[in-house]
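The values are calculated or read from the model by the stated rules, or taken from the named source; none is laboratory data. What you are looking at is a predicted structure, and each value in this text was computed from that prediction instead of being measured. Cβ coordinates were reconstructed from backbone atoms using ideal geometry, including for glycine residues, and neighbour counts include every protein chain displayed. Please note that ligands, DNA and RNA were not included when accessible areas were found on the heavy atoms of the full protein model with its side chains. Shrake-Rupley method; radii C 1.70, N 1.55, O 1.52, S 1.80 Å.
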Amino acid sequence: QVQLVESGGGLVQSGGSLRLSCVASGSTSGINGLGWYRRAPGKQRDLVADIDRQGGTYYRDSVKGRFTISRDNAQNTVNLQMNSLKPEDTAVYYCCAVRYGATYWGQGTQVTVSS
C-alpha cells in the first residue's frame, strides 16, 4: 500500500501562484508514475500533469506554460508549481501514484482562485 498526503492548497487571486506538494509513504519502492488530477465542482476528475520515474512529463493543454511538475525519487515527493492561476483552475487537486499497475490517491487539497 502507498499513502499519499498533499499540502499547499489555498485561496489565491487570479494571476497568483501556489505550490502543491505530495509525499508518498508505505510501499514506495516500485512507484513509477506520479501525477496530479483535479476535480472542479460538477465536473469529472481530470489529469493535470504527470511525471514518470525518468522525468518524462505530460501536461493538459490548459496548463501548459503555467504549471510545472517535478519529483524527487529519493524523497518520494511530487510537486506542482502553479503560476498565472486563473479562476478556472479552481478545483480539488489530488495526488496519485502508480505502482505495479495499481493507482493510489491522496485525500485532495482545495485550490481556489478568485477573480
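For segment 1-112, taking the reciprocal of the average inverse distance between every pair of different Cα atoms yields a Kirkwood hydrodynamic radius of 13.9 Å. Charge tally around Ile51: other residues with Cβ under 12 Å, Lys/Arg +1 each, Asp/Glu -1 each, net -1. Heavy-atom accessible area with a 1.4 Å probe sorts Leu47, Leu11, Leu20, largest first, into Leu11, Leu47, Leu20.
Based on the Kirkwood approach, the hydrodynamic radius assigned to segment 33-86 is 11.8 Å, with every pair of different Cα atoms included. Each Lys and Arg adds +1 at its Cβ and each Asp and Glu adds -1 at its Cβ; summed about the Cα centre, segment 9-80 shows a dipole of about 240 debye. For the chain, the carbon plus sulfur part of the accessible surface works out to 45%, probe radius 1.4 Å.
Put Arg60, Arg39 in order of accessible area, highest first, and with a 1.4 Å probe you get Arg39, Arg60. For segment 4-115, relative contact order (Cα pairs under 8 Å, six or more residues apart, normalised by length) works out to 37 percent. Gly16 sits among other residues whose Cβ lies under 15 Å from its own Cβ, and their net charge, with Lys and Arg +1 and Asp and Glu -1, is +1. Treating each Cα of segment 56-98 as one equal point scatterer and applying the Debye formula with no solvent, the log10 of I(q)/I(0) at q = 0.15 Å⁻¹ comes out as -0.43.
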